[in-house]
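Engineer: The structure under discussion is supplied below as structure tokens; questions concerning it will follow.
The values are calculated or read from the model by the stated rules, or taken from the named source; none is laboratory data. Predicted model, so just to flag it, every value in this text is computed and none were measured. Cβ sites come from the backbone with ideal geometry, for glycine too, and all protein chains shown count toward neighbours. Areas reflect the complete protein model, heavy atoms only, side chains present, ligands, DNA and RNA absent. Shrake-Rupley method; radii C 1.70, N 1.55, O 1.52, S 1.80 Å.
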Amino acid sequence: MKFEDKIKNETEDIYILALESSCDETAASVNKNGLEVLSNVVSSQVDLHKKFGGVVPEIASRKHLELLLPVIDQALEEAGIRFEDLDAVASTYGPGLVGGLLVTLTAAKTISFSLNIPLIGVNHIAGHIYANFIENPDIEKPLICLTISGGHTDLLYFENLRGYKILGRTLDDAAGEAFDKISRFLELGYPGGPAVEKAARSGDKTAIDFPRADLGDSYNFSFSGLKTSVMNYVNNEEQRGNEIDKNDLSASFQEAVVDSLASNIIKAVKEYDVKSVVLSGGVAANQRLREVISERIEKYNLDLYYPKLELCTDNAAMIGVAAYYQYLEHDFAPLSISADPALKL
Amino acid sequence: MLTLGIDTSTDNLGLALIENDIIKAEYNLSLKRKHSEKLLPLMVDIFANIGIRPQAIDAAVVAIGPGSFTGLRIGITTAKILARIFDIPVKGISTLEIMAAGVESEYILPLLDARRERVYYSFYKLNYKENDYLPKTLLTAAGARISELSNILRNYKDKEITVIGEKRHEVIDHLKTNKFLVNQSAAEKNIPRAAVLARLGRDYIDQGQKDDIYELKPTYLKQPQAEIDWQKKYGDN
Amino acid sequence: MDKNYSTTTNSPAETIDFAKKLAELIKVPALILLKGDLGTGKTLITKAVVSELGYHGDVTSPTFNLVQEYQADLEIIHMDLYRLDSSEELVEIGFEDYLNREAVVFIEWPELALSLIPADFIFIDIEKISDNQRKITVRGEGNHSSLLIERLNQEC
Ligand SMILES: Nc1ncnc2c1ncn2[C@@H]1O[C@H](COP(=O)(O)OP(=O)(O)OP(=O)(O)O)[C@@H](O)[C@H]1O
Ligand SMILES: [Mg+2]
């Protein structure tokens, strides 16, 4: 029997094993009907990578291979589910580090082959967005979602949970990348987001008027010009023999980033008739960003959601939720699917 | 015993099914970095062609390198999952040993290209005259510059050595210049063949030598140092 | 004395013009190293060359991903080693796997990789003169790069 003949519909119970290894977490989960998370096992390598100030790809891949079976075993055990009970298997297939992605993607393919169940390839960023729906299942739709991290800056529109439309994305540097680079340049520390935010708290955000990228009617973002403006400012001040106030500089830089992000959200809110705004990704932890967006959407009477955990770590439960909606859409992957390190939403 | 052999360690994607002494199917595909896309579809294909179901396999054997780290992890992950789901034994075999086990000579030097005039090598003795087809390791796998090999093999100058694999012509030239006795083998003996892998794995498992599925991992060999370092010229102005 | 080509651009647009000329002279396989401080224009040059090579999707900074691949008629690999700390890590990331492909490979922040790259590459050094001015110097090793430098010097 082909697996196509045993696909279930929304009214039946659907169990999905989801795997994730795109960055430095090896994770497995079992979800029932999407939002019901039966188990969520995350084995983190953060300590391993701390000394490098970022993830070292080969070290991460080796660790993923080592942790693969233990996390799968634990996820099944905690959920009280056997391999034979699964209706589908899912894995992240991008974006991320290829070496890591291939570990769980290959595992998921082999599970799909061995058990004759469908394979679902999930975009890691989509997973992060769906994570919000686990915490807040009642978010009103349609909604606008801004996902911002070291690697991404994407603005999305969700009519319902079954799919989304991309409104805009960064053309060069991601918002989180800009924070990291400015932080390293000003020697404020790693990770850059919290370091710049901290310095900004004691600075004057109106001290320096950094330019905002003008991208016309589009919902796109660009931060490389801002990054270069900060460099130029510092170089020029130093040449003039002036002292640099890192706090003022951080505050002004942060304000420029936040303003670009918030402006596009407002633009989208005006064009689309939405009920909520959702922030996701590491940069969503930025307090100033939350504050500015709250203020600016207030008059539109919308709910604003952002992840509760300051550190919205990678996990497989969120991949499982995204996978469930893909299952309902019969959005299955062929066994020839490969990892895509720069996969876009 | 139905044994599945999987090799994604080099450009050769190898997949074989052997049952006792019969090769039921063997694929050796010369592909460049398409292993992730091809492996599972090929598995579907091989099982469909033979008309058996995956749960029928009794053992999974996999090449553990040296080779591309990413490629190696594809095959090893597949073997681990199969072993876990079907509760069967798994065995990892050195890619160089697979090559050595495919020729009939006494002293064998299998090679894999490590680029920039470097190779991965291992050195084996095969007592095939006594019908023993499991190679004995004389020198464990390592990386070296081709120019270093005569020194590495200095204790075997009086033996007839069969040199196989990638870069063999360069290595043979080098060893001949240094007065070694060297042989070659037929063209098809120069790749790690999937059926040889499956056979080796089956023999080891028969002897009770299986691997722990949780511990199985690639041979992570370091690339030997290259001769030219551009650091001085382009590093700082 | 090594051959080189050098030009000074006064705006991003002029740098893009230079990149387009460069793109016409690139043959697969090619290894292009881009050196320069933060925000000097390594990604900007890569974007322009990649677009000229026939890839029309987004080309963004690979700092976070470390490696991005673009599939046009030819294979393009875009790396950025900014986040790495030692060449030991490069050996471990299987970096050399990428260099052996039949592809056009761009590497931003290549300093760490200098002990691992083959004897054939194009080296682009970008220096900031002022806010909008860049001095771009092209050097390199191997036949491909000397031919390319010769042609750049003839054409510009
Ligand atoms: N003459 C010029 N040539 C190139 N870029 C210029 C020039 N003048 C100004 N710029 C600006 O410099 C910036 C270059 O940014 P880009 O992100 O390409 O730099 P990068 O070298 O890749 O930085 P990073 O080190 O962060 O990777 C752009 O914002 C661009 O508009
Ligand atoms: Mg860049």
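Engineer: For segment C:1-73, which fully contained strands (runs of 3 or more DSSP E) count at least 3 residues that are within 20 Å of C:R134 (Cβ to Cβ) and either open to solvent by 10 Å² or more (accessible area, probe 1.4 Å) or within 8 Å of ligand 1 (Cβ to nearest atom) (or both)?
Structural biologist: The strands (runs of 3 or more DSSP E) meeting that bar are C:5-9.
Engineer: Within segment A:232-264, which residues are buried (at least 19 other Cβ atoms within 10 Å of the Cβ) and within 16 Å of ligand 1 (Cβ to nearest atom)?
Structural biologist: Correct list: A:F253, A:A256, A:V257, A:S260.
Engineer: Here is a follow-up. Is there a residue in segment B:25-33 that is among the acidic types (D, E) and either assigned to a loop (DSSP other than H, G, I, E, B) or within 10 Å of chain A (Cβ to nearest Cβ) (or both)? Spell out how you get there, then give the answer.
Structural biologist: If we filter segment B:25-33 for residues that are among the acidic types (D, E), which is where we start, we get B:26.
Filter again for either assigned to a loop (DSSP other than H, G, I, E, B) or within 10 Å of chain A (Cβ to nearest Cβ) (or both), leaving none.
No, that holds for no residue.
Engineer: Let me ask you something else. Taking the condition of being surrounded by 20 or more Cβ atoms within 10 Å (Cβ to Cβ) and not hydroxyl-bearing (S, T, Y), how many residues in segment A:270-284 meet it?
Structural biologist: Residues that pass the stated criteria total 8.
Engineer: Consider segment A:318-343. How many of its residues are under 23 Å from A:L161 (Cα atoms) and in contact with a helix residue (DSSP H, G or I) (Cβ under 6 Å, 6 or more places away or on another chain)?
Structural biologist: Looking only at that region, the number is 4.
Engineer: If I ask for residues that are among the charged types (D, E, K, R), closer than 25 Å to A:T170 by Cβ and surrounded by fewer than 20 Cβ atoms within 10 Å (Cβ to Cβ), which ones from segment A:292-345 would you list? Walk me through how you get there before you give the answer.
Structural biologist: Our first condition is that a residue be among the charged types (D, E, K, R); within segment A:292-345, this holds for A:295-296, A:298-299, A:303, A:308, A:310, A:314, A:329, A:331, A:340, A:344.
Adding the requirement that they be closer than 25 Å to A:T170 by Cβ leaves A:295-296, A:310, A:314, A:340, A:344.
Matches in segment A:292-345: A:E295, A:R296, A:E310, A:D340, A:K344.
Engineer: Check every one of the strands (runs of 3 or more DSSP E) wholly within segment B:129-237 and list those with 2 or more residues that are over 21 Å from B:K80 (Cα atoms) and open to solvent by 70 Å² or more (accessible area, probe 1.4 Å). Full working, then the answer.
Structural biologist: On the way: elements: B:136-145, B:160-165, B:181-183.
Hits in segment B:129-237: B:136-145.
Engineer: Assess whether C:I117 counts as being away from ligand 1 (no atom under 16 Å from the Cβ) and of a type in the set (A, V, I, L, M).
Structural biologist: So C:I117 passes the test.
Engineer: Scan segment C:125-140 for residues that are more than 14 Å from ligand 1 (Cβ to nearest atom) and either open to solvent by 30 Å² or more (accessible area, probe 1.4 Å) or more than 14 Å from the chain's Cα centre (by Cα) (or both) and jot them down.
Structural biologist: C:R139
Engineer: For the condition within 14 Å of chain A (Cβ to nearest Cβ), crowded, with 20+ Cβ neighbours inside 10 Å, in contact (Cβ under 8 Å) with a residue 12 or more places away in the chain and part of a loop (DSSP other than H, G, I, E, B), what is the one hit in B:G67, B:G92, B:G75, B:G71?
Structural biologist: Criteria check complete, one pass: B:G67.
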